[in-house]
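Step one of this worksheet: look at the structure below.
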Amino acid sequence: MELRCSLQTYEWGKVGEDSEAALLARGGDPGVEILNFTPYAELWMGTHPNGPSRLTSSGENLHDWIQQNPQVLGESVREQFGVQLPFLFKVLSVNKALSIQVHPSKSQAEELHRLLPDIYKDPNHKPEMALALSTFEALCGFRPLDQIRQFLDMIPELRGCVGQDNADALSTCSEDCQQEVLSQCFHSLMTKADDVITIALTSLLSRLASLDESSRGMQMAELVERLHSQFPGDVGVFGPYLFNHVTLQPGESLYLAANEPHAYLSGGSRGPNLQHVSSPVCLNSDCHSGLSFIG
């Protein structure tokens, strides 16, 4: 069964025919017009009402077709999820970093949807698996605490925004309280006033520019500078010091569980060129922070 799938245009997407998502959409539907200055970020294959797929043969909405042909889901899927497709399959073409986000658990998603249905459009959680189609960068999950402690010692601007007391507590706390103290550090950073973050980042960028190559590598200078060039003054520029920086090669994959902070990045020696396949269980139930072109 062939489908005509939906293109999503977000600011972070690759532009025009540089977008693999756009090219794949046109491959499935020759009538798709690709505009030279439009960012095409995601190709959706699924039943989400904001971008449902349609059968190529008839133009019928995939959701309606599944309702009429529930056997295609299989018995186990129907028993667990009812007569609905329980995932949204995406192809992403990322030109610059996405916002740092956390997918809520099932119970959290249900509560967020109940309280804020205009923002959280559905009650589903969103564990996610990403498969790289080309070189793929991400920030994913908090670094081991020893690494975060090293960066707090090494990066005075980070230590100042986290707060000296919080940094000291993270260095001396017992294993039982580490997660609580890390949460306090992260909250302190993310709630700092914009002017404080701007001053800290100005100092950080100036200092990084003066370092030798070895020290620049140790302090993640290239990535921090790249993120700052995309989102000047954004608190998320400190993200590489808190989150694991991973690079996947084509065919490698990454699993993102609920409540695991992450941000997809673009990179590569020839400039941003990231295409990957993503399959979240649910749709549009994210909580965001930092690197915030959020919208």
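The values are calculated or read from the model by the stated rules, or taken from the named source; none is laboratory data. It should be emphasised that the depicted structure is a prediction, and the values quoted were computed from it without experimental measurement. Cβ placement follows ideal geometry from the backbone for every residue including glycine, while neighbour counts extend to all protein chains displayed.
Picking from residues in the stretch 47-59 that are closer than 13 Å to MET1 by Cα and crowded, with 18+ Cβ neighbours inside 10 Å, the one that is farthest from the chain's Cα centre (by Cα) is ARG54. Residues that are surrounded by fewer than 12 Cβ atoms within 10 Å (Cβ to Cβ) and within 24 Å of MET218 (Cα to Cα) were ranked within the stretch 154-177; the one that is farthest from the chain's Cα centre (by Cα) is THR172. From the list GLU137, GLU180, the one residue that fits, being surrounded by 21 or more Cβ atoms within 10 Å (Cβ to Cβ) and farther than 14 Å from LEU242 by Cα, is GLU137.
Please work out if SER76 is touching a residue at least 24 places away in the same chain (Cβ under 8 Å) and exposed (fewer than 14 other Cβ atoms within 10 Å of the Cβ). Steps first, answer last, please.
Working: touching a residue at least 24 places away in the same chain (Cβ under 8 Å): no; exposed (fewer than 14 other Cβ atoms within 10 Å of the Cβ): yes.
No.
Applying a threshold of 8 Å to beta carbon distances and a minimum spacing of six or more residues, or different chains, the list of pairs starting in the stretch 118-133 at a residue that is in contact (Cβ under 8 Å) with a residue 40 or more places away in the chain and in the same structural domain as THR47 (by the TED database) and ending at one that is of a type in the set (Phe, Trp, Tyr) and buried (at least 17 other Cβ atoms within 10 Å of the Cβ) reads ALA130/PHE136; ALA130/TYR264. Scoring LYS90 on the criteria (1) farther than 25 Å from GLU260 by Cβ; (2) of a type in the set (D, E, K, R); (3) surrounded by 15 or more Cβ atoms within 10 Å (Cβ to Cβ) leaves a single failure, condition (1). What about LEU24, is it among the aliphatic types (A, V, I, L, M) and in a helix (DSSP H, G or I)? Criteria met by LEU24.
The numbered conditions (1) touching a residue at least 12 places away in the same chain (Cβ under 8 Å); (2) surrounded by fewer than 18 Cβ atoms within 10 Å (Cβ to Cβ); (3) more than 30 Å from SER107 (Cβ to Cβ); (4) not assigned by the TED database to the domain that holds VAL102 are all true for SER206 except (1).
If only residues of the stretch 100-134 that are modelled with pLDDT of 85 or more and of a type in the set (D, E, K, R) are counted, the one that is surrounded by the fewest Cβ atoms within 10 Å (Cβ to Cβ) is ARG114. Does the stretch 60-79 include one or more residues that are closer than 30 Å to SER229 by Cα and out of contact with any Gly (no Cβ under 7 Å at 6 or more places or on another chain)? The answer is no, given that none of the residues of the stretch 60-79 is closer than 30 Å to SER229 by Cα and out of contact with any Gly (no Cβ under 7 Å at 6 or more places or on another chain).
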